[in-house]
1. Give all pairs with beta carbons closer than 6 Å in which a residue from the range 248-263 that is closer than 14 Å to residue 379 by Cβ and touching a residue at least 12 places away in the same chain (Cβ under 8 Å) meets a residue that is of a type in the set (Lys, Arg) and part of a loop (DSSP other than H, G, I, E, B); count only pairs at least 6 apart in sequence or on separate chains.
2. Quick check on my filter: what residues within the range 350-373 are in a helix (DSSP H, G or I) and basic (Lys, Arg)?
3. Quick check, is residue 393 charged (D, E, K, R), outside any strand (DSSP E or B) and within 15 Å of the chain's Cα centre (by Cα)?
4. Within the range 184-197, can one find any residue that is under 26 Å from residue 375 (Cα atoms) and among the hydrophobic types (A, V, I, L, M, F, W, C)?
5. What number goes with the only condition from (1) at pLDDT 95 or above; (2) part of a loop (DSSP other than H, G, I, E, B) that residue 399 does not pass?
6. Specify which of the listed residues (19, 71) is over 30 Å from residue 118 (Cα atoms), touching a strand residue (DSSP E or B) at 6+ places or on another chain (Cβ under 9 Å) and surrounded by fewer than 19 Cβ atoms within 10 Å (Cβ to Cβ).
7. Restricting to the range 374-390, what's the tally of residues that are of a type in the set (A, V, I, L, M) and assigned to a loop (DSSP other than H, G, I, E, B)?
8. What's the number of the condition residue 60 fails, among (1) at pLDDT 95 or above; (2) in contact with a Phe, Trp or Tyr (Cβ under 9 Å, 6 or more places away or on another chain); (3) surrounded by fewer than 21 Cβ atoms within 10 Å (Cβ to Cβ)?
Amino acid sequence: MAVIKAFHAYRPTKDIAHEVAALPYDVYNTAEARVEVAKNPMSFLKIDRAETSFDDSVDVYAPCVYEKARELLDGMIDRGEYVQDEKALYYIYELIMDGRSQTGIVACASIDDYANGIIKKHENTRADKELDRITHVDTCNAQTGPIFLAYRADEVIDSLVNRVKEKEAEYAFTSDDGITHNVWLIADDNDIETIRSRFEAMNEIYIADGHHRAASAVKVGIKRRNENPGYDNTEEFNYFLSVLFPDNQLKILPYNRVVSDLNGLSVDEFIAKVSEKFYVEKSSKAYMPTEKSTFGMYLDGCWYKLTAKAEIKSEDCVAGLDVSILQDNLLRPVLGIENPRTDKRIDFVGGIRGLEELEKRANSDMKLAFSMYPTSIDELFDVADANLLMPPKSTWFEPKLRSGIFIHKL
């Protein structure tokens, strides 16, 4: 029984929504964030990455950075640039990319559902990355970036959402990257109850993207519970900001790999070792895998198609993932990358950047690149249902949810 509740969002006024909406904080490094905020001073990135208000001499994790984030957020609310809805609502958030639409319900999910496994995870989180967002949420007293959740499509919710989408949108704008963003309010009491009850009937909801934001929000909630031992679960700190999408509308892009060296091997030695576990064919053009258990490899200006041999394939939901096949049979044994989460010799490139980016990296700061076949949403669900974890950087979701459209105050 999932608890997915309506809430009193703080939202930007219609005239500034398109300026405020920002890509997630972790899409940028500090230098990139500075450029973005300089280009658009209204961007919510100035709050999500408040180090942009300081020069390079200030540690990005210094207390003054988080205090600045709170000051900026409170200032926007005080000036009326953000207004809180008087009634607890659900919201519809549609993103359209390359003509493909995905539409989610904006709501608040329960930290207890995260703890008891109703909200299922498929990735580990890093304590250092959690601490940053824990401090940001706790200091701002608000969740500013929604967690991307997925559920198995429900016809009743689909029908309700489609009906509401026939009305005029509250927000409708296209961001600089060509993504269209549309928002509607769900204010009818019957509709609100329908959505609440339909989610309550679900036993599984999945984190698609935003594991660190989710873990941080939960830890802030637990901290607040410890500070308020008389809590009764009605307090906002018991919930975290989410957008929930039906699984049949989601698209996962590949998460490609680049590696800095051949682990002391010559090119011929390396190809020979790879050939022990994979069929290796030269490709006359850049190779993007079109089926599972195949991989593209770019090395010294040449593309290759790698096909996993039968003996290294697996029916296991984790070992059978393409990211696992590559890690377990090439990256670790041949290239010596034991832990891709911490090894500095490997980097990861979102599929949205295309094969050209892989060639660029392999021809500059790296040595070789691998293009991947994308993990499917069913594979993600299978791993999460088994209470197991995927290797790091297994999925890349597009389009990215914008921060700053909905604020959940604690």
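The values are calculated or read from the model by the stated rules, or taken from the named source; none is laboratory data. Computed from a prediction, not measured in an experiment: that's the story for all the values here. Methodologically, a virtual Cβ is constructed for each residue, glycine included, from the backbone with ideal geometry; neighbour enumeration extends over all protein chains shown.
1. Pairs that qualify, where the first residue is closer than 14 Å to residue 379 by Cβ and touching a residue at least 12 places away in the same chain (Cβ under 8 Å) and the partner is of a type in the set (Lys, Arg) and part of a loop (DSSP other than H, G, I, E, B), are 255/393.
2. Of everything in the range 350-373, those that are in a helix (DSSP H, G or I) and basic (Lys, Arg) turn out to be 353, 360, 361.
3. In short, yes.
4. No, that holds for no residue.
5. Unmet condition: (1).
6. 19
7. Of all residues in the range 374-390, those of a type in the set (A, V, I, L, M) come to 377, 380, 383-384, 386, 388-390.
This time we only want the ones that are assigned to a loop (DSSP other than H, G, I, E, B), so: 386, 388-390.
Count: 4.
8. The failed condition is (1).
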